[in-house]
Every structure is written in C-alpha cells, then in structure tokens.
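The values are calculated or read from the model by the stated rules, or taken from the named source; none is laboratory data. Here the structure is a predicted model, which means the values were calculated and not measured. As a convention, Cβ positions derive from the backbone with ideal geometry for all residues, glycine included, and neighbour counts pool all protein chains shown.
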Amino acid sequence: MARVKDYGNAELEEKLRDTYFYTTDSNPQFLEDVKKISRTAANMCYQCGTCTGSCPSAPRSSYRIRLFMRKGVLGLEQEALNDPDLWLCTTCYSCTDRCPRDLAPTDVIMAMRNLAFKYDIVPRNFLKTVQLIYTTGHGVPNNDVNRAARVKLGLPADPPTTHSYPEFMPAIQKIIDHYKMKENADRILAEEGQ
Amino acid sequence: MTETKEESRIGVFICHCGTNIAGSLSIQEVMDYAKTLDGVVVADEYQYMCSTPGQSKIIDAIKEHNLNGIVVAACSPRLHEPTFRTATQEGGLNKFRFEMANIRDQNSWVHMHDWEGATEKAKDQVLIAVAKARMLEDLQPKSVPVEHSALVLGGGVGGMQAALDLASAGIKTYLIEKAPTVGGRMSQLDKTFPTLDCSQCILTPKMVDVGRHPNIELRTYTEVENVEGYIGNFTITLRKKARGVLDPTEALERGIIGGGCNGCGDCAEVCPVIKPNPFEFGMAPRKAIYIYHPQVMPLQYTVDFDACVKCGLCVEACGEEKRAIDLDMVDTFEKVRVGTCILAIGYDFIPIEQKTEWGYKRFDNVITGLEFERLICASGPTGGKLIRPSDGQIPKKVGFVLCAGSRDNTGGVAKAYCSRFCCMYSLKHAHQIMEKIPGAVPYLFYMDIRSFGKMYEEFYYRIQNEGAKFIRGRVANILEDPTTKNLIVHTEDTLLGRPVAMEMDMVVLAAAIQPKPEAERIRQMFGVSKSQDGWLLEAHPKLNPCGTTTAGIYLAGVCQGPKDIPDTVAQAEGAASAASIPIHTGEVQLEPYFAQCMDEICAGCGMCVPQCPYGALALIDKEGRTVMEVTEAKCKGCGTCGGFCPGGAIKMQHFTSPQICAQIDAFLLKGGEY
Ligand SMILES: Cc1cc2nc3c(=O)[nH]c(=O)nc-3n(C[C@H](O)[C@H](O)[C@H](O)COP(=O)(O)OP(=O)(O)OC[C@H]3O[C@@H](n4cnc5c(N)ncnc54)[C@H](O)[C@@H]3O)c2cc1C
Ligand code: SF4
Ligand code: SF4
Ligand code: SF4
Ligand code: SF4
C-alpha cells in the first residue's frame, strides 16, 4: 500500500504521492475473475500495442486498452475499475481482430465493466441507457429526425424492432429484470437524486 | 521345440536418482518386495545406479550370485539402458539379459504427492520387469557394412558446408540442389550481420569449392525421386531435370569434343522470350534461357521449358562448336548408393500478403526484407540503389515492421515461433540505408530486439548510435495515401503510451519464415518426423540436435528450425561429423529386435509382406517350401507383422509373445500362478 507522507498540505500530498507498485496493491483474484468472465487468456498479453494501435478511441482520448490488459495481469483491480477510461471502448472489436496473441481485449473490457457494475461503478449515461432499453427496447430510441431520414430513404419510419413490435417488450424487460440491471440503475440514480 | 529352461537367477537394483525417485516412494519397501519374487536371488539399492559404484554393484552381483538376468528400476531406458547393458555385459552376461523398470519418468515424477500409491506402482513395475527378465534370451546384434559415401540434399550455405566437410574427410559426397545453382538464400543477401561482410564474397569461395572438390559429385537442377534402404545402405533415385543445356562432360559423352556450355550467354542474348527472374523476385527480367546471376555454380545456362517457344535461335547462337543446347532434352534418372544422408533444404516465407493489415501486394511501397536485400545489393536489379517501387524515388523515411507474422498465435498463415534472424537483418537494413542515403531515417517498429548472438547486442548499440529510431510497438495496420503512395503506419508507442500514425516513404516487412512446401514430401521419403510447427524434427533438442529418429539421416540449417548463417554453418559441421561416423566406422550395429520367421509354422501365405511399412519382408523358396524371409537390416522391429500373422509364425526378438504374456500375467495375477 502506498505510504502517506503527511505534508499537511492536500495539494502537495497529491502531487508527491507515493506511486510505487507494491505487491499488496495487487489482487490476483481480479485476473481470475476477468479471465472467467471474458473467457480469454488475459494473462497472455505481451504488451505489443497492436490493440491500442487499432483502437478508434485511443487517438481521441486517454483510453489505452493495452494498459487495461496490463492492469488485469497485475491484478490492479481498483485502478482499473475506477478509471473512467474503462467506459470509452466502442466495442468495435478491431483490437480483438488483430491481437497477435489471439486474445479478446474487448471482452476483457466487458468483463471489467461487469465487475465495476458490482461495485456500482458505472457512468450515469450508461444507467440511463439501461432505463431507455427497459422502456423502449433501444439504447438510442428512434426520433423524428431519424424517422424523416428513413422515410426519405424509402424505408418504413420505424425499424423492424421493438418500435414496430412492442409486444416483445415484456421479454426484454424480463431479461433485464433477471440481471437486476434496471433495479440497480434506478437505485443508483435515485441515491444521487436524479 | 522343447528347451530345458535354465533356472532364473535375477538381480534387482533400485535407484534413488538422488531424491528424484527416493523422494516420492519407499525404496526399502520396493526392495523388500523384490526379494520375495520368484527367481530373484538378490535385490539391492543405490543413490545413483548409473554412477561407477552403482554399476559395480551389478557387475559384482552377477559374478557373486551367478545371475542370468538383471533388472534395474530407475529412469528411462532412453537415458540409461545403454549404461546398464554395458554393466551387464561387463559382469559376463549377454547384454540383452537386462530389463529396465522406469520408476522415475513413469512413476515418481507423476505421482510426486502420493507416497503409498507410487510405492505400490513401483512394486508392480518391478514385478513386471522381473517376469520378463525370467524369459530373456541371449541375442546378438547384427552389424551391417556402410557404404563409403554420403548424400547432402540442398545446396544452401548449410548443405554446401556439410558437403565440403564430408568430402574433405575423404567421403564421396553427392550434393543435390533442385535449383540450377547452389547458394540458396545466402546468395540473395547483400551483406551479412553483424560483420557486414559482402554475402556473395564470402559465399562464392564455398560455391566454387563444391564445384571442384574431387570428392563432391554436384548435381544441380536435380531432385530426389525415391529413397530406399537403411543406415549404411541407402539407394536414392535422383531425377535430373531436363536443363536443355549440356555441360562439357555431358557434351563429351555425346561425342562433342570441346563442346558444352561455357557460360558465354550468347544464347540468352538472342532469346526472344522475356520472363521475370524469380531470383530477383520479379524485379528484373530474364530470358527463357537463363542464369540466375553472374556467380552461379555451375556456370551453365538452363532452358525454362515452360516459357521456351522452341524457336531455335539459341541453338544457332550457341554454334556448331559448343553444341550445348538440346531443346528435346528429357528428365533422366540416376540411382546412387550412400551410407548416410544430410537434409539441408532451407526455408520459405509465409504468404505475408494474407496478413492484409500490412498491405503487401496492395501497396506498391510495402516490400519484404528479402526484396530489400535485392534492392540494396550492387548486383541487384537497381544496381544497389534503393528506390520506391511506385515512382523510383529514393525513400527518406523507411519503416521496418518486425515480427511480421512471427510470434503470432492467430493461426492462418501466422507463426507462433520467433523467426530468429529478422531482428538482426532489420538492424542491418537500417544501417544500410543510413550509409547509402544521406539524411535517411530508419524507423524500427518492434516488440523486443532479439540480438543474442556473439557481437549482436553490440551491433544493436551501433545502429542505434548511428541514428536509427526504435518504436516499441507492433504495427497494427498500414494505410496508403493514394496520391503520394506514402504509407501511414499505425501502432502504439508503448513506451510513451501514445497511439502512433507515422508517414513513411517505404515499409519493409520482416516476414515470418516457414518450412519449404516440399519439406513434407522429403520428410516422408526419408522417414523424418516434424515438430508441431512443421520444421524437421531433430532426435533430441539438446543432446542430438543434428540427428533424427531415423538412423543415418541428419539435419543441417534452417530446415530444422529458424537460424542465421553462423548457426546454420555450425549445425552443418555437426551434421557432417555425425554423418561421417558410421561411414568411417565402416559398419553399424543394429539392435537385434527384428522379426524372425519360424519356417516350420509359416504357411507361406504372404499376407504379412504388404503389411510391413519398411518393405522388410519377402516370400522365398526354402527347401522346396514357400516361406517368408525377413531382411533383418531393414526391419525396425515395429511388430506389425508379428501381431498380424494369422499362424503366429513371426517371432519379435526381445518382445516375444511369451515374454509379453508373462508380463501381462504378472500384472493381472500379481505374482500368482501363471
Ligand atoms: C532478408 C534476410 C536477410 C538475412 N540476412 C542474414 C545475415 O545478414 N546474416 C545471417 O547470418 N543470416 C541472414 N539471414 C538468414 C540466412 O538466409 C539463413 O540463415 C541461411 O540462408 C540458411 O541456410 P540454409 O542452407 O539452411 O537454407 P537455404 O539458404 O534456404 O538453402 C536451402 C537450399 O536447399 C535447396 N532445396 C530446397 N528444397 C530442395 C529439394 N527438395 N531438393 C533439393 N534442393 C532443395 C534450395 O534450393 C536452397 O538452395 C537472412 C535471411 C533473410 C530472409
Ligand atoms: S494486442 Fe493483444 S498482446 Fe498486444 S498488447 Fe493488446 S492485448 Fe496485449
Ligand atoms: S473494441 Fe474497444 S478497445 Fe478494442 S479497438 Fe474497439 S474501441 Fe478500442
Ligand atoms: S529456343 Fe527457347 S530458349 Fe532458345 S532462344 Fe528460343 S525461346 Fe529462348
Ligand atoms: S527475430 Fe525479432 S523480428 Fe524476427 S520474429 Fe524474432 S523477435 Fe520478431
């Protein structure tokens, strides 16, 4: 664990904080959990950077998929799960396509998001997405602009999804209820008064 | 067939192997148990049975107790069977009166945490070994004479070195090369790391030597058609491909005095057919009658009959005196007899265009390392000027993609192994562009720089000091700017932790290597195994890296696994030394494990004959009856025929049915009546 230096000054404390990696910072179970959920041998990452080099998020943000692989390998659970970058993956799977170790970094990210959710670590927009899927079947429901565009293209105004077949909504809600996602989303947002 | 069975007097010796065995099971209990077994007159143990005092125990016990069978319970027969056989022999017994129980690899190492279970299993193993020892017979190894000649397949630097060593050791050596010239890959290289000698300059003397060494029979443009026989006595059929051109000796054989190809090239001058030269990867033309390059050995032209239109212009140009060209030539066959063979068939490249992310064959300015060698080489298609294929401009920023398809577990064309010389040649390439092109900067995109050889790390230091840039990240993909044909290389600089998009004038892929496509056919002909990655398999990765599991066949160079020139030459010299031993000994001893036909039982049905994978069986007439006969030197003792014979007429020496049945009975009845 990082040593507190006690400068009696919060700003200095932060600036000069102990950044050593101590073996006690590592939770080996984290890697095991990630491997189990992602079903990929995350420990086999050799840090080549092909994933970040392929990632459309990387050049636009501080998100480095490779670093999440590294944190998984070292069991840096708190660091990985509390990093807001965890939520910047677009799930395009480019990294998974190219990883020379035949790993699925995308699935590692998904696994970490899963684990983060257990600690209620999840960005608010994701929770709102859950609520939207629960009520409409869509993360991004159709809107008037889209409808007009679709009609212009000669398509029906609504796509052949729950928008056209609302009778499937109860099934979707059943799945979400099974995982208590809506319940948790409502609770977290309520606790924050949203 | 009744024999008076001698009384069994068996000695059992149990090895501790330090704590390898003694740490996992009770030696004392196994020894006490052994003493109770039928026929066992003495049981003993020792810390290291393979040591001199350990072996003395066996020798002394044979004499003291008048033993006629020895059992050692220790490690694997692969390791120490020869040791204990020798001790058995020194004690005065036939060395085949020895049986080994592998209580280490097959017991203590796998049951490390089960003391009781392992002890019980060791008792069973000793019981079974004693059951066999009681029935062992004296056997005499067979020795066969060895042909005083050798064959080397492949005329790259590895094959040439092996052939030169064999020939210089006084052995007649056939050097077989399928291309029209020897030299292999090394003759395509410009310079060689880490000393930067000119590749052709250091190779040509060897090429010349193999051409004129009195003990070397050089056969270029020749392939192996068939292999028969066994160590000491291989008969190999060669196919001499129709070359369309006679060398002076062949001309003389046809009565053309002073004729044959002298390499003047008058023929190629007049030949109207133009084809890409594969030696230059199509970057330079050649005619239908051609040589690869000026230093070929032998200096003799070859007609590419797939391209030749038989216009006859070359025949005319060649003239009445030399009369070297024969456009109706056909393939001919030759059989050679040799004692041992060395395979040195080299390597190929993966089809790197199938790793589409790097754009090879899609983008003009993406080339491979070997194409780079030709472009930077003074005798290459551009006279040594490195130019961009798209516009002939001189590149200033050149990217090198290391591990292009190597160390990659995605399957398809990718290879999981390290190709072992691409780090070093990429460093060499970096040096070459900085030397030749003022202001040029090489960028090496790498994961690790593997510069482990003698003076290699120092070479890395030198190139970095000369100004090469190293970016630690494997290249994710390359895009092309369609107007400039420049290339945008994407990766992450993992040391900075930043994604990278760098514009390069040219990119060189250090493409992974792989076995030759024909390696599969060759290996089957010569009875050699392959490792899981497809390279030819050595007999032992550490202790027998030049041999194979087929006696008399050896390996040299990259065909056994990726290696650079120093390692290739070293292995070639090792293989030549190993291959010369049986030849110089003049005879080889074969284990007497061959099948034997019991004539009085054999019905002469001949059904076993086609079963034998080694062609060792034949029907013969013997005293008016048809019976089967085994060519003992060909028999590998596999037991296929012995298990098959419907009449039970085939006896597998040292693995006879009674011996094996006794072992099974011993195990099932736990020492009860059998
Ligand atoms: C771009 C590049 C640069 C390199 N630079 C260096 C360097 O600077 N220094 C260094 O040490 N190493 C270098 N190497 C490695 C070097 O090429 C090899 O170590 C060396 O060529 C291995 O020799 P070989 O005899 O095993 O195989 P090869 O050179 O491949 O020779 C094999 C020969 O066998 C023949 N053959 C194949 N099949 C048959 C058959 N069925 N019948 C008959 N003949 C057959 C082939 O025609 C060929 O002539 C480089 C490699 C590459 C790709
Ligand atoms: S591409 Fe694969 S091996 Fe390379 S850093 Fe990313 S996850 Fe690790
Ligand atoms: S799947 Fe996620 S991490 Fe992978 S390349 Fe796409 S955005 Fe980046
Ligand atoms: S006969 Fe064939 S090799 Fe000779 S010149 Fe004509 S095309 Fe060329
Ligand atoms: S030698 Fe270097 S470039 Fe070639 S595969 Fe091995 S590590 Fe990669």
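Every listed requirement among (1) near ligand 2 (Cβ under 10 Å from one of its atoms); (2) at pLDDT below 95; (3) among the aromatic types (Phe, Trp, Tyr) is met by A:TYR22 save one, (1). Here are some conditions: (1) part of a loop (DSSP other than H, G, I, E, B); (2) closer than 30 Å to B:VAL366 by Cβ. B:LEU479 meets all but one. Which one does it not meet? Result: B:LEU479 fails condition (1) only. I'd like to know if the range B:436-448 contains one or more residues that are more than 14 Å from chain A (Cβ to nearest Cβ) and touching a Pro at 6+ places or on another chain (Cβ under 8 Å). The answer is yes, given that some residue of the range B:436-448 is more than 14 Å from chain A (Cβ to nearest Cβ) and touching a Pro at 6+ places or on another chain (Cβ under 8 Å).
Of all residues assigned to the range A:166-178, none qualifies as being modelled with pLDDT of 95 or more and part of a loop (DSSP other than H, G, I, E, B). Pairing residues of the range B:415-427 that are more than 20 Å from B:TYR443 (Cβ to Cβ) with residues that are buried (at least 24 other Cβ atoms within 10 Å of the Cβ) and among the charged types (D, E, K, R), at Cβ distances under 8 Å and at least 6 apart in sequence or on separate chains, gives B:LYS415/B:ASP408; B:ALA416/B:ASP408. When the residues of the range A:64-73 are filtered to those that are at the interface with chain B (Cβ under 10 Å from one of its Cβ atoms), over 14 Å from A:ARG101 (Cα atoms) and crowded, with 22+ Cβ neighbours inside 10 Å, the one that is nearest to ligand 2 (Cβ to nearest atom) is A:ILE65.
Checked against (1) in a helix (DSSP H, G or I); (2) in contact with a helix residue (DSSP H, G or I) (Cβ under 7 Å, 6 or more places away or on another chain); (3) closer than 27 Å to A:PRO84 by Cβ, A:ARG187 passes all but condition (2).
Of everything listed in (1) within 14 Å of another protein chain (Cβ to nearest Cβ); (2) more than 30 Å from B:SER406 (Cα to Cα), the single unmet condition for A:LEU103 is (2).
From the list B:PHE400, B:PHE305, B:PHE372, pick out the single residue that is touching a His at 6+ places or on another chain (Cβ under 6 Å) and away from ligand 3 (no atom under 16 Å from the Cβ). Steps first, answer last, please.
Values: B:PHE400 fails: touching a His at 6+ places or on another chain (Cβ under 6 Å); B:PHE305 fails: touching a His at 6+ places or on another chain (Cβ under 6 Å).
B:PHE372 is the lone residue from the list that is touching a His at 6+ places or on another chain (Cβ under 6 Å) and away from ligand 3 (no atom under 16 Å from the Cβ).
Exactly one residue out of B:ALA163, B:ALA118, B:ALA169 is within 30 Å of B:ALA22 (Cα to Cα), touching a helix residue (DSSP H, G or I) at 6+ places or on another chain (Cβ under 9 Å) and modelled with pLDDT of 95 or more: that is B:ALA118.
Applying the criterion of being of a type outside the set (Val, Ile, Thr) and surrounded by fewer than 16 Cβ atoms within 10 Å (Cβ to Cβ) to the residues of the range B:535-558, the residue that is nearest to B:TYR347 (Cα to Cα) is B:PRO541. Under 8 Å between Cβ atoms, which residue pairs at least 6 apart in sequence (or on different chains) link something in the range B:401-412 that is more than 9 Å from chain A (Cβ to nearest Cβ) with a partner that is within 16 Å of ligand 3 (Cβ to nearest atom) and not small (Gly, Ala, Ser)? Pairs found: B:VAL401/B:VAL475; B:LEU402/B:ARG474; B:ALA404/B:VAL475. Checking each residue in the range A:40-54 for being within 7 Å of another protein chain (Cβ to nearest Cβ), surrounded by 24 or more Cβ atoms within 10 Å (Cβ to Cβ) and of a type outside the set (Gly, Ala, Ser) picks out A:CYS48, A:THR50, A:THR52. If you filter the range B:352-384 down to residues that are of a type in the set (Lys, Arg) and touching a residue at least 24 places away in the same chain (Cβ under 8 Å), you find that the one that is farthest from the other protein chains (Cβ to nearest Cβ) is B:ARG374. Residues that are surrounded by fewer than 17 Cβ atoms within 10 Å (Cβ to Cβ) and either more than 22 Å from B:ASP364 (Cα to Cα) or at the interface with chain A (Cβ under 9 Å from one of its Cβ atoms) (or both) within the range B:488-512 comprise B:LEU495, B:LEU496, B:GLY497, B:ARG498, B:ALA501, listed in sequence order. Taking each residue of the range A:145-171 that is more than 17 Å from A:LEU132 (Cα to Cα) and looking for partners that are among the charged types (D, E, K, R) and surrounded by 12 or more Cβ atoms within 10 Å (Cβ to Cβ) with beta-carbon atoms closer than 6 Å, six or more apart or interchain, yields A:ALA157/A:ARG147; A:ALA157/A:ARG150.
From the list A:ILE175, A:ILE109, the one residue that fits, being without any contact (Cβ under 8 Å) to a residue 40 or more places away in the chain, on the phi < 0 side of the Ramachandran plot and away from every other protein chain (no Cβ under 14 Å), is A:ILE175. In the range B:514-534, the qualifying residues are those that are part of a loop (DSSP other than H, G, I, E, B), at negative phi and touching a residue at least 12 places away in the same chain (Cβ under 8 Å), and the one that is surrounded by the most Cβ atoms within 10 Å (Cβ to Cβ) is B:VAL528. Here the condition is being within 14 Å of chain B (Cβ to nearest Cβ) and under 17 Å from the mean Cα position of the chain (by Cα); of A:LEU81, A:LEU76, A:LEU88, it holds for A:LEU88 alone.
So, B:LYS485, is that one more than 9 Å from chain A (Cβ to nearest Cβ) and closer than 26 Å to B:THR410 by Cα or not?
When the stated conditions are applied, B:LYS485 does not pass them.
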